[in-house]
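The values are calculated or read from the model by the stated rules, or taken from the named source; none is laboratory data. Since this is a predicted model, take the numbers as computed values, not measurements. Positions of Cβ are generated from backbone atoms using ideal geometry, with glycine treated the same way; all protein chains shown enter the neighbour counts.
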Amino acid sequence: MIDLLLAADPGAVTTTTAVFSAENLIALLTLTALEIVLGIDNVVFIAILAGKLPPEQRAKARTIGLALALVTRILLLMTIAWIIGLAKTNLFNVPFMTEQVHEHDASGAPIIREVVLGISGRDLVLIIGGAFLIGKATLEIHHKIEDRHDKPKAVKATSFAMVIAQILMIDMVFSLDSVITAVGMAQAIWVMVAAVTISIGIMLAFAGKISAFIERHPTMKMLALAFLILIGVVLVADGIGQHIPKGYVYFAMAFALGVELLNLKVRARHPAEVIAG
């Protein structure tokens, strides 16, 4: 993904005469679809956090969370030069770790060099955000496992402001990943802004249904938390230069989701058999 960003020419992100050219429209459709796929993790995280609030506050939290995601993405798109600098400039090096750099020699032949791992601003954001996701999801799983249903639960009041603060933090991480993808795939700034706006609008329309579905099915919530841990690992790995192809990750998540949906269907049709084992 970072290769796509560095390949993008910041000077080319300008308004062209053919604003609604076939190329721009195709880029808009493709980027919108990709932004929706990349944003599912954001929606799941917001749904899980909003689920800690009283029912009357959950819809408000989801709306604010996705609105903040939209604002963050647009602000980042308005500062493309800063985003590129954030990705290219190393803040510090990690002497005990190396990464492979693909280059070409004088004759044009590809060569691979190992250099000391450098951590850029983008890498630092991904590492911190990924670690936060892993820690938060692990803590939620621990609470689910340790929850005693035979004892009355003391209802813990969750601060609305605290939930929004956590949503804002993870919005920044997912927004950075989203904007880097947008810059690598489109030339016109309006295409990027339109794709992000449309994708957030679609996610907002379905956020309530996704949240209700997760709340109705405890096993699905556990699977969603496991997905967040997986995404956190991918973010941390990406931050330290160990890039995991997103296609493999999304395929694994889709396969696990498909299996769990089949399990839910079996439980719904044969509840007695499931209970009996």
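Just wondering, is there one or more residues in region 62-69 that are among the charged types (D, E, K, R), at pLDDT 75 or above and not in a loop (DSSP other than H, G, I, E, B)? Yes, the conditions are met somewhere in region 62-69. Inclusion of residue 98 among residues that are among the hydroxyl-bearing types (Ser, Thr, Tyr), within 26 Å of residue 230 (Cα to Cα) and either part of a helix (DSSP H, G or I) or touching a Cys at 6+ places or on another chain (Cβ under 8 Å) (or both) is not warranted. Scanning region 101-140 for residues that are among the polar types (S, T, N, Q), surrounded by 11 or more Cβ atoms within 10 Å (Cβ to Cβ) and not in a helix (DSSP H, G or I) returns a single hit, 120. Within region 70-96, being modelled with pLDDT of 80 or more, hydrophobic (A, V, I, L, M, F, W, C) and crowded, with 19+ Cβ neighbours inside 10 Å holds for 70, 76, 77. The criterion of at least 1 residues that are under 21 Å from the mean Cα position of the chain (by Cα) and farther than 25 Å from residue 126 by Cα is met by the following helices (runs of 4 or more DSSP H) wholly inside region 196-277: 218-239, 246-269.
Step by step: first the residues of region 37-61, then only those that are touching a helix residue (DSSP H, G or I) at 6+ places or on another chain (Cβ under 7 Å) and part of a loop (DSSP other than H, G, I, E, B), then the one that is modelled with the highest pLDDT. Which residue is that? Per the stated criteria, the residue is 53. When restricted to residues that are acidic (Asp, Glu), closer than 16 Å to residue 241 by Cβ and within 25 Å of the chain's Cα centre (by Cα), region 87-142 contains 2. Of all residues in region 166-177, one or more are under 30 Å from residue 95 (Cβ atoms), part of a helix (DSSP H, G or I), modelled with pLDDT of 85 or more and out of contact with any Leu (no Cβ under 9 Å at 6 or more places or on another chain). Taking the criterion of being acidic (Asp, Glu) and either within 14 Å of residue 165 (Cα to Cα) or within 13 Å of the chain's Cα centre (by Cα) (or both), the only residue of region 41-63 that qualifies is 41.
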